[in-house]
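Every read-out reported here was derived from the displayed coordinates using simple, explicitly stated rules and does not represent laboratory data. This is a predicted model, so every value here is computed, not measured. Positions of Cβ are backbone-derived with ideal geometry, glycine not excepted, and every protein chain shown enters the neighbour counts.
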Amino acid sequence: MSKNIIQSSRQNWTVVLFGFLALSLAFSGRAALGLIMPVWQIEFGWSSSYISGVGAMALVVMAIVAPFAGRLVDRLGSQFTLNLGMGLLGVGCAIVALMNGKLMFVIGFSGFSAMGFGIIATHVVATAVTRSFSTNQGLATGIGTSGATGGQFLIVPLIAALLTFASWRWSFGALSLGCLALIPCIRMSMRPDAPQDGENRLGDDASTLWQDLVAIVRKPAFHLLFWSFLICGFTTTGVIETHLLPFASFCGFPPIPSATAYGLLSLVNLVGMIAAGWLTDRVNRPMLLAAIYMLRALTFVLLASLPGMSIEMLFLFAILFGAVDYSTVPVTASLVASHIGIKMMGLAMGLISAGHAIGGALGAFAGGYVFTTTASYNLVWIGSIWLAVGAGLLVLLIRPYTHK
């Protein structure tokens, strides 16, 4: 009996470990595009707008794939889904490593790799972890999904080293090998998911995709979480990941200290996700999520006042914002599990993550448009303040969960 309990516990934390590693590889692959962009501009003569356009195409593919990736977790389990994503990402990175023209780049990065990015995503890992834990779900989810930012410290420096001492082809080749090498490890170490209570496998009168979609959109909590997470995407991926470093340059800060501040933001981000996961298991979750959004709004107040201030204030912003950046993920995942149901969690999280991607695209576009037309980011930061406050008010409307 005790042996079975120990085995179950080991398998549960194995999901967290491989979820962390998979996200580290996937997000490092995404970060490699910006890192290697100047080299491609020189070697192939490609413009930054073309390379950025391929990256934008990959984001669209990721948004489309996200709900289907969640559905795969619901129906075929986390082991199959993670392996499929790792396989697609491995093939895509291999194609990019071997490319000699624009077509191979599009097929490799915006095709295979983008599908892999869409599958190896925080919503898939959050669902896989939640389905594997009956206690400490928040903490486990926070640790597993923190691979999304942890990869910037574990793998991106290795990619940069290979770029410096070998070539960009070795950088993508190493990513490909890492992804493919993880597949047998996942296959041997992770057991297939056990069906949840009241859940059937395919072929056993399982509900259709349409039936699950209807059931999800009828839940008020879904709409509150969807729109708040869309705002989350706008105020993180959209305006910060895209425009923070250009804004720092606009403020007159040197590139290296600015990049260092951004790296510090990512480090605090990792700690913030784990801390938020730990709190998810212990406090009122809608209140916690609302507090994260409200604190994020306050960080934008600091950011809006940054011009004319010392670079130490940029580092202070990095620390404060990093604590409330990806920390919404474990709390949102926990609310989806309890208010929508673990049986449909993957699909629901996929839809909500697609909203996050849409918000990110809107934020990236809005930031560029506002700066182009006004020569200032002021309206972007003011708008982000009120959007974050709005997200906080939305999640406060989520009713407390009562177990039936």
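Miscellaneous remarks
- Considering residues of segment 355-404 that are surrounded by 13 or more Cβ atoms within 10 Å (Cβ to Cβ) and in a loop (DSSP other than H, G, I, E, B) only, the residue farthest from the chain's Cα centre (by Cα): Ser376
- Residue that is surrounded by the fewest Cβ atoms within 10 Å (Cβ to Cβ), among those in segment 155-173 that are within 25 Å of the chain's Cα centre (by Cα) and not hydrophobic (A, V, I, L, M, F, W, C): Pro157
- When the criteria are applied in full, Ser134 fails the requirement of being of a type in the set (Ser, Thr, Tyr), surrounded by fewer than 24 Cβ atoms within 10 Å (Cβ to Cβ) and in contact (Cβ under 8 Å) with a residue 40 or more places away in the chain.
- Here the condition is being part of a helix (DSSP H, G or I), crowded, with 23+ Cβ neighbours inside 10 Å, touching a residue at least 40 places away in the same chain (Cβ under 8 Å) and under 17 Å from the mean Cα position of the chain (by Cα); of Gly277, Gly263, it holds for Gly277 alone.
- Helices (runs of 4 or more DSSP H) contained in segment 14-131 and holding at least 2 residues under 21 Å from Ser176 (Cα atoms) and touching a residue at least 60 places away in the same chain (Cβ under 8 Å): 48-76, 78-98, 114-119
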